[in-house]
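Participant: Below is one structure. I have some questions about it.
Rule-based calculations on the coordinates, nothing more; no lab input. Remember, it's a predicted structure, so these values are computed and weren't measured experimentally. Please note: Cβ atoms are built from the backbone with ideal geometry, for glycine as well, and neighbour counts cover all protein chains shown.
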């Protein structure tokens, strides 16, 4: 490329949490330029947002439909290359679908859609158009997650036996949705979030992380879904026993009522010869445990790391990178694919190392299976692979 | 008392792990004197052990039967006050029973017996004799565990919602029982350990810790028991979903194949207002998390602790106490009860704060229920309280 | 502003460490656009760098002189607002001077110049032109450093008594400068780095951090400067006793031969009532210690923090920010000042909270005094304030 | 030996801190029996203490003179083997001297005496009598300190370059000596503590630890001694630059006004190839840092440790040992020497690995040199080896 990629945004108005995160992440590496947006269903907020971002007012749109219509008719040296969809869950499907239909690549927030049916429909569209869809499973963007995956793949800890993945948060310990908290409001509303509460919001991240690092798929779940806060409309707390297709077993937790916890996604994996531990809140550290030698602390920025991790690291050891940089890594893998994109040529997301529409379908399958398991008296429910 | 309590020991020969631990723990506070023992089924080892402990050779016995017979006939100013039973699991019941029948108080290693039936039988005997039986659930002897219990009781973190208790060890990752490791050998042998492997050995500690701190009882379990190492005869890995009688729910892990883990018993409890975290490997620290204020790190030896914790602390802040001191605390509570003992008067273990025969019965009930649940396709199995 | 600030860059070619850091940091908040540069003394590298950044080739210059000349003649709606000087130490002074003379604001890497004389000369120029000069003392950009400063200022820990600040690195443990490592090469070369090695490179950061957080100035030093690696031309290891103008005393370490350390800048401050501890490698955590209550762990992203910290935080608790974001905070404070800049009106750096030319002069004074103290047999040497 | 060693105690009454510590430490391994004592200058307290310890009232003495007189006339199968002197500093010399003169071995609290002159006098007496004197430098009793020493000795981190040893405490941040705190009272009183406050109380521990682990001696000091709390009669805060006889340099801190610190003795040592870090408050962990490979966490109880460490470990990995066990290790080394003692044969403390009268002399030399340096305007003052 001889120019930056041009990005449009759907959602991400002034009060949004995730919109600015996408914009900052996209800005870090200097490969992407935000040029237009439909930032809010409130036209005034959309305009205000565009202004604060120094956009050309003509390219601040009232609706995403308007945006896609107008952008696709701009000359190739002006119109956007891709769109980032950063709306609440129930507004992921329609703009993503329309973007693809208009010929734009898409970066979409997770979960990919409101239901498995919608997810499958998007998969078909991606397969048909050959366009690139990336899913913002941010946590797999961390370099030390890449290193963990590399270590498992290369057999360092032997055959994997146990996987413990947890995602405890505490922020929904009180009924914030009744106190005007907008983030809490849509995340606990089945009309906006779908059939899963915590399981969809963070449980999918936990499952995705476990499968990404181990390279194994969850095959069966035995689930306890709770709604701990009285009056809440969706689950806010989950625990489940899980089985993987490599014969490993484990536990997955995802709770938003672990009072005092921040965003403590973490994973521990044990193999025949050793164990691996990673915690998102201290993401530049990876702990390796061994049967017969001292525990090792691997740290971002060192020469002993694999190329799988190194290519995602921007700073020398001891200069911590964080959440925005992990996010930027998802954008980096996505734009690497965009660089190679040619109409009619299928892009292999695995090779470019970004979460794609297949992961979106898998996430929705996971949520629907877990909810089904939670209602069942049977111990184990199979998850479709 | 105007003298030290006189202790006899069953088991704990030169190659024993737990025998010396009991002796050192009993020695710390200068309240107990070891005066006799039947240390091994091998008479030579028993004698050798007694010699290394500077015992009068006349009081080093070949069998526990001999010991009890002879000791009970010694004059009151010489004979033992109590016996510590530190043999492998399948030899807990008989010497404990006989000790009680001979009028001796007992400190017995956990699990209290080989089966629930045996445990119930000991309970009857204790009820009948009025003698004191303490169970060596060491981990509840830690001062910061006492503090955690105090904080829960006094409502500091509000109504308890979630309990996550884990006991990961890694030492059985390889089939050590086939390589001549004696500790591994009896612990994986159903004839010596009973129907539970890891679940009996360490799962009972985890359950006991959770119930001790929260003051709530586990009512239902949904269990996955695995034998991960090929050819092993008992489970070496457990995960379960649990429900408590205070409506809290949680997860209990107990595994001996978490390669690289040492003895990482830990517990996290979340209430409406905050959370508590404790880890056995750094036992002098208790973490308090809050919904709306900074995390607090409580440390042994400070004046801000409750009397429930303070009475078990021997050193000022920053002078770490450890496993032997926790063990010594179990002995301290036990000897406090011994001081108040009068024939015919029932001692209340709760008041003296030591694990008693009731905890022993509960532990065996837990093991049997978990094993039953593991074999069932039903999600939840009730545990008898 | 109705547009992004336009930035030019001096230095920061493809092999530079700090150039890309400046560019990424400047890119995060979407307030700054890089439009031109003289990236290297090698014209080909400069051009290549500009190309990789998608710059207009006409604005990729061969020398900074050419850049300033041409840019100042561009129309106001095109020409740069400020320049970032990211060259090795001995090339800070000349481009900074010329930029100011051409009417451009400047962000300059630290140390501000090669000698105190040069620093004083720049100070005069800034005073005369009224332009804004910011110095990239990155580490004061961390939100939890702001919080520490706030806590000290508001008297939370009482009168400050002790300050221990350390900056241990290990990367110069071997003579890398003889093995072709470019970073090592210029940093250990007195012709490029000046009279101080580690003391200038990292000692100044440590001193600046201590003075920034405490609000007190170092008044006297008692110094041991060592060149540990044989054949090295500058110091690589320093320790000093220090006195502050608020009667506090302390220790400052700055070493690059602490084998195995990364970039472990850290500070511990003790007052009458408590202590504060911060470590750059885990920058989102601030530890508060108290005389009579539990240690507290303050974390970025929580509502209990002061506005002094909050205004520099981009993500919710548990979504770690790092080095690039701290750097971006220096740019943020700088651009906040730029927004308010009017010719003839003096900008108060203290109010906008960025390190300015005064800190640059102070840093050079510190280096020269420390080197003098190191050579003296007298215990204490005064530092000019 | 066919019996336990018989110990007498001087000091250590009911309100003592260190007396019970000695008794518990001596009790852990079952090798020592306390049989007599002169526990207090208050005869009633002495008696009460003896009673609480179940001693024969005839062997609870009013003065140490009485004790030594009477004990030496007891038959060999009753009288004590050694005496533990656990009084405040100014009462170390006289009872130690008399004990030696009466033919008893001695375990004496540190500092060995009130002045260097007294220390030298004891050294002469030990040399003359051939009796064994051990000094309670507890912190060198930790197994991971032994491991650190082993690693340095065997060259694992290469030639030692830097030594940073710190002993921060916070308990004297307020003038507790004016509030009736007995521990504070004698420790800040020059008539009871000698010429050094914090430097004698804890600085000697720091120096001893650094010299023990590195095997090198401090040769020069450049010292800042402060009395931070107004009205205090002795120093409560020290920092010093130090040089060692192996050409390493470093910093030694010892402060009792680091508000919020407990007993945070810690040491970091850097060599050509790596670094070692140990912290007393988490004593079972030893951190190894490397130039080119991941940091390693060594933990007590693992088979990869050296025999130098293993022989001092009582429990398996993950069963933490603490301060009392470190103390018990000093007693263990002492009793190992006692076992081999024969009149006329000189015991080599180095071989038995306990701090002896030589360390006592060295400690007093250190204190006197540091105090001298603190008063000097010269940067460096030599310390006599």
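Participant: What does the convex hull of the Cα atoms come to per residue for the stretch C:1-60, in Å³?
Facilitator: 74
Participant: Looking only at chain B, where both bridge partners belong to it, what percent of the DSSP beta bridges are antiparallel (to the nearest 5)? Please list the in-between numbers first.
Facilitator: Working: 37 of 62 bridges.
The antiparallel proportion sits near 60 percent.
Participant: In percent, how large is the relative contact order of the stretch C:75-118, given Cα pairs closer than 8 Å and 6 or more residues apart? Walk me through the numbers on the way to the answer.
Facilitator: Numbers: 51 pairs, mean separation 19.7, N = 44.
Result for the stretch C:75-118 is 45 percent.
Participant: What number do you get for the stretch B:105-156 when its Cα radius of gyration is normalised by 2.2 N^0.38 Å, N = residues?
Facilitator: Details: Rg = 14.6 Å, N = 52, 2.2 N^0.38 = 9.9 Å.
Relative to the 2.2 N^0.38 Å estimate, the stretch B:105-156 comes out at 1.48.
Participant: Still on this model: Mean-square fluctuation check for chain D, GNM, Cα pairs under 10 Å: which of D:202, D:297, D:152 is largest?
Facilitator: D:297
Participant: So, one more: Compute the Cα gyration tensor for the stretch D:231-322, then decide on rounded, prolate or oblate, letting a ≥ b ≥ c be the square roots of its eigenvalues: rounded whenever a/c is under 1.5, prolate when a/b is larger than b/c in the other cases, and oblate in all that remain. Could the numbers behind the result be given before it?
Facilitator: Details: a/c = 2.42, a/b = 1.40, b/c = 1.73.
Cα axes put the stretch D:231-322 in the oblate bin.
Participant: Still on this structure, please answer the following. Give the Kirkwood hydrodynamic radius (Å, one decimal) of chain A, defined as one over the mean of 1/r across all pairs of different Cα atoms. Provide the component values of the computation, followed by the final result.
Facilitator: On the way: mean 1/r = 0.0467 Å⁻¹.
Value: 21.4 Å, from the Cα pair sum.
Participant: Moving on. Given the options C:263, C:73, C:336, which has the most mean-square fluctuation in a GNM of chain C, springs set between C-alpha atoms less than 10 angstrom apart?
Facilitator: Most flexible of the set in this elastic network: C:73.
Participant: Count, for each residue of B:170-177, the Cβ atoms from other chains sitting within 10 Å of its Cβ, then give me the mean as a whole number.
Facilitator: On the way: counts 9, 4, 0, 10, 4, 0, 0, 0.
Across B:170-177, the average partner-chain Cβ count within 10 Å equals 3.
Participant: For peptide A:216-223, how many partner chain Cβ atoms fall within 10 Å of a residue's Cβ, on average? Before the final figure, lay out the partial values.
Facilitator: Values: counts 0, 0, 0, 0, 0, 0, 7, 3.
The per-residue average across the peptide is 1.
Participant: Would you mind giving the average projected area, over all directions, of the Cα convex hull of the stretch A:51-104 in nm² with one decimal? Don't skip to the answer; put the middle values down first.
Facilitator: Values: hull surface 16.2 nm².
Its average projected convex-hull area is 4.1 nm².
Participant: Got the residue B:297 label distances to the other copies yet, label 7 Å along Cα→Cβ, in nm, shortest first?
Facilitator: Counterpart label points of residue B:297 in the remaining copies fall at 0.8, 1.3, 1.4 nm.
Participant: Per-residue Cβ counts within 10 Å, from other chains only, averaged over D:21-31: what number is that? Mind dumping the intermediate values first?
Facilitator: Values: counts 4, 0, 3, 9, 1, 2, 9, 8, 4, 10, 4.
Rounded to a whole number, the mean comes out at 5.
Participant: Relative contact order (percent) for chain D, with alpha-carbon contacts under 8 angstrom and 6 or more residues of separation? Mind showing how you got there, number by number?
Facilitator: On the way: 840 pairs, mean separation 71.5, N = 385.
19 percent.
Participant: With the Cα gyration tensor of the stretch C:83-229 giving a ≥ b ≥ c as the square roots of its eigenvalues, does the rule (a/c under 1.5 for rounded; else a/b larger than b/c for prolate; else oblate) give rounded, prolate or oblate?
Facilitator: Details: a/c = 1.99, a/b = 1.10, b/c = 1.81.
Here the stretch C:83-229 falls in the oblate category.
Participant: Helix-derived [θ] at 222 nm for chain A: sum -39500 (n - 2.57) over DSSP H runs of at least 4, divide by residue count, nearest 500? Can you show the working numbers first?
Facilitator: Values: 13 runs with 130 residues, N = 385.
So the calculated ellipticity at 222 nm is -10000 deg cm²/dmol.
Participant: Mind ordering B:109-117, D:180-188 by average Cβ neighbours within 10 Å, highest first?
Facilitator: On the way: B:109-117: 22.8, D:180-188: 17.3.
Highest-to-lowest ranking by the protection proxy: B:109-117, D:180-188.
Participant: Then there is this: Considering only the protein assembly as shown, what is the antiparallel percent among its DSSP beta bridges, to the nearest 5?
Facilitator: Counting only bridges with both partners in the protein assembly as shown, antiparallel ones make up about 60 percent.
Participant: Across all directions of projection, what mean area in square nanometres is found for the Cα convex hull of the protein assembly as shown? Mind showing how you got there, number by number?
Facilitator: Numbers: hull surface 216.7 nm².
Mean projected area for the protein assembly as shown: 54.2 nm², to one decimal.
Participant: What's the angle, to the nearest 10 degrees (0 to 90), between helix D:204-214's Cα axis and the longest principal axis of chain D?
Facilitator: Rounded to the nearest ten degrees, it is 60.
Participant: Quick one: with label points 7 Å out along Cα→Cβ, list the inter-copy distances for residue B:219 in nm, shortest first?
Facilitator: Spelled out, the distances from residue B:219's label point are 3.5, 6.9, 7.4 nm.
Participant: Once the Cα atoms of helix B:116-129 and of chain B are each reduced to a long axis, what angle between those two axes, in degrees from 0 to 90 to the nearest 10, is obtained?
Facilitator: Between helix and principal axis, roughly 60 degrees.
Participant: Restricting to Cα pairs below 8 Å that are 6+ residues apart, what does the relative contact order work out to for the stretch C:255-315? Please round to a whole percent. Provide the component values of the computation, followed by the final result.
Facilitator: Working: 69 pairs, mean separation 11.5, N = 61.
This gives 19 percent for the stretch C:255-315.
Participant: Would the stretch D:281-385 count as rounded, prolate or oblate if I go by the C-alpha gyration tensor, calling it rounded below 1.5 in a/c and otherwise prolate when a/b exceeds b/c, oblate otherwise? Display every interim value, and only then the final one.
Facilitator: Numbers: a/c = 2.47, a/b = 1.21, b/c = 2.04.
It comes out oblate by the Cα gyration axes.
Participant: Here's something else I'd like to know. Taking chain D as a Gaussian network, where each spring joins two C-alpha atoms under 10 Å apart, which residue of D:36, D:222, D:102 fluctuates the most?
Facilitator: D:102
Participant: Can you order the peptides B:345-354, D:168-177 by their average number of other Cβ atoms within 10 Å per residue, highest first? Spell out each step's value before the answer.
Facilitator: Values: B:345-354: 16.0, D:168-177: 22.4.
So the order, starting with the most tightly packed, is D:168-177, B:345-354.
Participant: Please give the peptides B:50-60, A:89-99 ranked by average Cβ packing (other Cβ atoms within 10 Å per residue), highest first, as a rough proxy for protection. Working shown, then result.
Facilitator: Numbers: B:50-60: 15.4, A:89-99: 22.4.
Highest to lowest by the protection proxy: A:89-99, B:50-60.
Participant: What are the nm distances, shortest first, from residue B:372 to its equivalents in the other copies, labels at 7 Å along Cα→Cβ?
Facilitator: Reported distances to equivalent positions: 3.1, 8.0, 8.5 nm.
Participant: A further question follows. How far, in degrees from 0 to 90, does helix B:18-28 lean away from the longest principal axis of the Cα atoms of chain B, to the nearest 10?
Facilitator: 90
Participant: A follow-up question, please. Since chains A and B are linked by a rotation, which residue in A has the beta carbon closest to its axis, and how far is it in Å?
Facilitator: That would be A:379, 2, residue then distance in Å.
Participant: To the nearest whole percent, what portion of all C-alpha pairs in the stretch C:168-234 is separated by more than 13 angstrom?
Facilitator: Details: 1515 of 2211 pairs.
Pairs farther apart than 13 Å: 69 percent.
Participant: May I pose another question? In whole Å, what three semi-axes, largest first, describe the equivalent ellipsoid of the stretch A:152-278 built from its Cα gyration tensor (square root of 5 times each eigenvalue)?
Facilitator: 31, 14, 11
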